[in-house]
Amino acid sequence: MKLIDTHAHLQFKAYDEDRDEVVKRNSEELEAVINVGTSVDASEKGIQLAEKIDNFYASVAVHPHHVDQWGGNTYNQLKSLSQNPKVVAVGEIGLDNHLYKPLRVLRSNELQGYPKPDLKKQAKILEEQINLARELGKPILFHCRDAYDELYEQIKDYKGKVRGLMHCYMGTWEQAKKFLELGLYISFSGNITYRGNDYIRGVAKKLPPEKILTETDSPFLSPEPRRGQRNEPIYVKMVAATIATLRNLRTEKAVQITTENAKNLFDLTI
Ligand SMILES: [Zn+2]
Ligand SMILES: [Zn+2]
């Protein structure tokens, strides 16, 4: 069985120069890749990739970083994009209270120079997009940074009404337990391999196996020893290997568990 990368952005600028090769090797080596939307434009581009490649899927959303792009017509634009059969989720949506320094992110400008976060505005478009996911009956990819308690407060009343995952999980075990109570999955990216991130590994060790997912968040967060370089979905294998070690599993078993979990959550029939 092969791995699934539940969260990548192969539609981002970082791949403009060699996208065809990247797409080819990643589609061959993996069971599936979900290219996640962060804006209307990025959602459209993710869908275009998914239309070309059998085992690529897409999600649609406006990321909290791009809250200022939300307009009167955005809900309907996302809704109409999501009619495409390769769209399997709404996301990434959520709250981000992190103060990003202007970053040099490889060949991508995607994360450069964000202003101070406005959580109130973010909460508003989060709510709208939760409604969209409910209207469509699709799972949600939650993005969260430095705002896990605030996010939980906002979504706790949706217990039993939404499905989804916490992507690139960086919260505590106490917080993870609350998200599990809401029925959400927890997804780990390359930062689970970083020195100093024992708290993330601690969460990955304790989770019920049926709730663990793997991702890369490519082009960001390359696992050790590729840290700092542009990431690709194939390196999700290092995330799976770390989870296997933590849980005393053979890597093949970790692959099987996480792939089955992803297929269940996204109703993938590949
Ligand atoms: Zn994210
Ligand atoms: Zn992302």
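Its alpha carbons considered, region 115-189 gives a radius of gyration followed by a Dmax of 11.9, 35 Å.
By the beta-carbon count within 10 Å of each Cβ, the least crowded to most crowded order of 238, 166, fewest first, is 238, 166. Using the Karplus relation 6.51 cos²θ - 1.76 cosθ + 1.60 with θ = phi - 60°, the per-residue 3J(HN,Hα) values for region 159-173 come to 3, x, 10, 10, 10, x, 9, 9, 8, 6, 5, 9, x, 8, 5 Hz, with x marking Gly and Pro. For region 257-263, the Karplus equation 6.51 cos²θ - 1.76 cosθ + 1.60, evaluated at θ = phi - 60°, returns couplings of 4, 6, 5, 5, 4, 5, 4 Hz by residue, with Gly and Pro reported as x. For region 17-32, 3J(HN,Hα) computed residue by residue from phi via the Karplus equation (6.51, -1.76, 1.60; θ = phi - 60°) reads 7, 9, 4, 4, 5, 4, 4, 4, 5, 6, 6, 6, 8, 10, 5, 6 Hz, glycine and proline entered as x. Remark on residue 216: its backbone amide H falls under 5 Å from those of 6, 7, a criterion applied only to residues 5 or more positions apart or on other chains, H modelled at 1.01 Å from N.
Each Cα pair under 8 Å and six or more residues apart adds its separation to the average, and for the chain the resulting relative contact order is 19 percent. Take the convex hull of the alpha carbons in region 1-156; its mean projected area over all directions comes to 9.6 nm².
Amide H contacts for residue 92 (H built 1.01 Å from N in the peptide plane; partners 5 or more residues away or on another chain; cut-off under 5 Å): 37. Averaging the Cα positions of each part gives two centres, and for region 125-162 and region 193-270 these lie 22 Å apart.
For the chain, the convex hull drawn through the C-alpha positions has a volume of 115 cubic angstrom per residue.
Each reported figure results from applying straightforward, stated rules to the coordinates on display, with no laboratory input. Values in this document were obtained by computation on a predicted structure and should not be read as measured data. No Cβ is skipped: glycine too gets one built from the backbone with ideal geometry, and neighbour counts run over all protein chains shown.
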